[in-house]
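K.L.:
The structure's right below; bear with me while I get my questions together.
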Amino acid sequence: MNTPARLADGRLVVRHGARDYVIPETCPHKGAPLADAYLAGPFLRCPWHGATFDVRTGQRLRGPVCPNLAPSEGDL
Ligand code: FES
C-alpha cells in the first residue's frame, strides 16, 4: 500500500514521476488524516469516505462533495 510521506515540518508529500506535490494534512471533506490515504499513481483516496483526488491538480474525481485539495508543486 502506498501512502503519502510526511515531511519533517508535518506537511505531506506525494511523489509522482519526477515531481513532488505537497498536500494538506487533512481531507477537505471531514478532516480525515491524509497520511493514511491510499495512493495509486497520482490518485489519492481518503481513508474515511473515499473521496478521490488527483494530486497533480487537486481536483476531486469521486466521492462526497467537498472542496478540491490545494496541492503545491515544487522541489523540496
Ligand atoms: S473525510 Fe475524506 S472523504 Fe470524508
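Since every read-out is calculated from the coordinates, none of them should be taken as a lab result. In this text, all values refer to a predicted model and were calculated from it rather than measured experimentally. A quick note on method: Cβ atoms are made from the backbone with ideal geometry, for glycine too, and the neighbour counts reach across all protein chains shown.
K.L.:
Got a sec? Which of L7, L12 is at negative phi, exposed (fewer than 14 other Cβ atoms within 10 Å of the Cβ) and hydrophobic (A, V, I, L, M, F, W, C)?
P.N.:
Every option except L7 fails the conditions.
K.L.:
Kindly indicate which of R56, R15, R6 is in contact with a helix residue (DSSP H, G or I) (Cβ under 8 Å, 6 or more places away or on another chain) and basic (K, R).
P.N.:
Exactly one residue qualifies, and that residue is R6.
Residue-by-condition table, conditions (1) among the hydroxyl-bearing types (S, T, Y); (2) within 15 Å of T3 (Cα to Cα); (3) surrounded by 16 or more Cβ atoms within 10 Å (Cβ to Cβ):
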{"residue": "G31", "(1), (2), (3)": "no, no, no"}
{"residue": "A37", "(1), (2), (3)": "no, yes, yes"}
{"residue": "G41", "(1), (2), (3)": "no, yes, no"}
{"residue": "T52", "(1), (2), (3)": "yes, yes, yes"}
{"residue": "G63", "(1), (2), (3)": "no, no, yes"}
{"residue": "P67", "(1), (2), (3)": "no, no, no"}
